[in-house]
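Scroll down for the structure; my scribbles are underneath it.
The values are calculated or read from the model by the stated rules, or taken from the named source; none is laboratory data. These figures come from a predicted structure and were not determined experimentally. Here Cβ is always computed from backbone atoms with ideal geometry, including for glycine, and neighbour counts include all displayed protein chains. With ligands, DNA and RNA removed, areas are computed over all heavy atoms of the protein, side chains included. Shrake-Rupley method; radii C 1.70, N 1.55, O 1.52, S 1.80 Å.
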Amino acid sequence: MTTTVIDGDAQETGTAIRPLPRIPLIDQARGVALIAMAIYHFTWDLGYFGYIDAETATTGGWRIFARLIAGSFLFLVGFSLVLGHANGFRPKPYFIRLGKIALAAAAISVATWFAFPDTFIFFGILHAIVASSLIGLLFVRLPVVVTLLAAAAAVAAPLYLRAPLFDHPALWWVGLSVDIPRSNDYVPLLPWIAPVLLGIALARLFVASALPARLAGFGDTTKRWWKTLLEQAGRHSLAIYLVHQPVLIALVYGAFLVSPPVAANPMEAYTKSCAKTCESDRSAGFCQSFCSCTLDSLVNENMFADLNRGAIDVTTDERITRMSSQCTAAAEATPDLKE
């Protein structure tokens, strides 16, 4: 997800153009975002290998954390797009950068197709950066108010414009599907182009102010090793993005081989999974009764072990259908649980 801030060189025109200096703070911000991304992915890896609850990284505060990380990268895409082309569109660096990210996005899709075929990444953060960079270029010269209105519309669109038409796989990238597709990294155009447009709008105001010259040398007198490290990371963010997760997975897998996590109680795992699925449609009280009933039935009929090891297809097995109907009726008949 590299978004290089180009050192501004005045172009040959009839009037003097103020060159844009490189702003270390932008690279440092991208470096911080990379660290946050690595922390999140490490948490996901721990869940995948069973060291923590597998749903930790996709729920609660971690889910918000992930969205903030994605938003920060996309914001910097828009901000850097303005800085890189403030003195006029520079096609060569633009298309070289875009081509690198597009190739990396394709590589991620292919790799995850083989590793996680049911949840492969078909439109993740890199895909979103490519699409947003193309669309964002149209807003670099538009009035700031137009860009801000477009950002607001992008946020509102998934709230009001979802339709079955967009459930077709060819349109999943838009972000208006009624049924959200499964993916390990799903960053559709809507609403995620919004932080890109916000970055463009704020960068336009930034460039028009005296801040670029002031921030260019900010912190030079108090340069620290960690600032230099963050800057270097920010300038090579695409390479770090591609390498960090395989490295983290290898480390966690190595730990798994040496000291595997304690296996979770299969009955507790079943009850938790059942409750999560059930509570998307029914009350917590109903689901507690329903899941307890199905677990007892599975154990009494000697089916739990087979179900736990994947030997039973819950979508076609008539015993599961019968059991579900019986437990639904029993839960609905329980006092104070009727809905």
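Looking only at region 293-316, filter to residues that are open to solvent by less than 30 Å² (accessible area, probe 1.4 Å) and part of a loop (DSSP other than H, G, I, E, B); which one of those is modelled with the lowest pLDDT?
Pass one, region 293-316, residues open to solvent by less than 30 Å² (accessible area, probe 1.4 Å): 294-295, 297-298, 303-304, 312.
After this cut, where a residue has to be part of a loop (DSSP other than H, G, I, E, B) as well, the list is 303, 312.
On the way: M303: 88, I312: 83.
Checked region 293-316; the qualifying residue modelled with the lowest pLDDT is I312.
The lone criterion from (1) among the aromatic types (F, W, Y); (2) open to solvent by 70 Å² or more (accessible area, probe 1.4 Å); (3) in contact (Cβ under 8 Å) with a residue 60 or more places away in the chain left unmet by W173 is number (3).
Could we say that A239 is surrounded by 11 or more Cβ atoms within 10 Å (Cβ to Cβ) and either among the basic types (K, R) or over 26 Å from A104 (Cβ atoms) (or both) here? Criteria not met by A239.
State yes or no: is G310 of a type outside the set (V, I, T) and on the phi > 0 side of the Ramachandran plot? Against the criterion (of a type outside the set (V, I, T) and on the phi > 0 side of the Ramachandran plot), G310 qualifies. Of the residues making up region 271-287, just one is open to solvent by 30 Å² or more (accessible area, probe 1.4 Å), in contact with a helix residue (DSSP H, G or I) (Cβ under 7 Å, 6 or more places away or on another chain) and touching a residue at least 12 places away in the same chain (Cβ under 8 Å), namely T271.
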